[in-house]
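Chemist: Sending over a structure as C-alpha cells; questions will come in a sec.
Any read-out appearing in this document is the output of simple, stated calculations on the displayed coordinates, not a laboratory observation. What you see is a predicted model, and the numbers here were worked out from it, not measured in a lab. When we count neighbours, we look across all protein chains shown, and the Cβ atoms used for this are built from the backbone with ideal geometry, even at glycine.
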Amino acid sequence: MARWVFEPGHTAAEFSARHMMVTNVRGHFKNVHGVLEFDPKNPRSSRVEVTIQAGGIWTGENDRDAHLQSSDFLDTESHGVITFRSTKVDLVGDHDYRVRGNLTIRGITRETVLNVRYLGQWQTPWWEGGVDKGPKTRAGFVATTAINRQDFGVSWNAELESGGVVVGDLVEITIDAEAILEPQGA
C-alpha cells in the first residue's frame, strides 16, 4: 500500500462553534502532521494517523486563543497534542468514505467518524532552496465531522443573562489535507 505524508504547510484543521447564541467563532490549527496508507483502487484498506499541536490554535484573537489553550478548554500545558487514528474505512461513493477512528482531545478518546472526500492526485513541482527537485505526487482530501466538546472534557461555559450560554457544545470540524507520496522503499 502506498504511504503518504501530510504536508503541514498545505494541511489545516478548522473548527466552528456557536458563540453567545448568535454567531460562530472559527479557528484553525496549521501544525497538522500525519501519515496515510492509501490506494484509490483499494480505499477500504486505508489507514491514517494524524497529530495536531493543540497549542497552535488560532482564532485571530490573542486573548481568546490563550483562553482556549487554558485548562478551561484544551489544557494544552497538560495535553499538548490532539490525535486521530483510523480503525475502519467504509465506502459511500466513488470518492467518498466514512473513516472511523479514535479522536483524542485532552487525553480523552472517543470514536469519531470523518466524512472524507478524495479529490484526486497530481504530479507537481517540488521546490527546495529555489530549485525544482520534483516532480512529487500529491493527493487532496477534505474531511468533515461534528463533535460534542463535552465528550472530551471541554466543558467551560457561562450562562447569559438573557438566557442561553456563551459557548455551544457542537463543534463542526473541516480538515483540508494535502498528502505527498513517499518514494517506495523510503
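Chemist: Rounded to two decimal places and with Rh computed the Kirkwood way over Cα pairs, what is Rg over Rh for the stretch 1-91?
Modeler: Reported Rg/Rh (Cα atoms, Kirkwood Rh): 1.07.
Chemist: Stokes-Einstein at 37 °C, 0.692 mPa s, Kirkwood radius from Cα pairs: D for the chain in µm² s⁻¹?
Modeler: Approximately 185 µm²/s, per Stokes-Einstein.
Chemist: A follow-up question, please. Pick out, from Gly101, Ala17, Ile57, the residue whose Cα sits farthest towards the positive end of the charge dipole of the chain, with +1 on the Cβ of Lys and Arg and -1 on the Cβ of Asp and Glu.
Modeler: Gly101
Chemist: Kindly provide the helix-only [θ] at 222 nm of the chain, computed as the sum of -39,500 (n - 2.57) over DSSP H runs of four or more divided by all residues, to the nearest 500 deg cm²/dmol?
Modeler: -1000 deg cm²/dmol
Chemist: Given a Förster radius of 30 Å and the C-beta distance between His19 and Ile180 as r, what FRET efficiency does 1/(1 + (r/R0)^6) yield to the nearest 0.05?
Modeler: E(calc), rounded to 0.05, equals 0.25.
Chemist: Also, I was wondering about something else. Size of the dipole of the chain about the Cα centre, Lys and Arg at +1 and Asp and Glu at -1 on the beta carbon, nothing else charged, in debye to 20?
Modeler: The calculation lands at about 680 debye.
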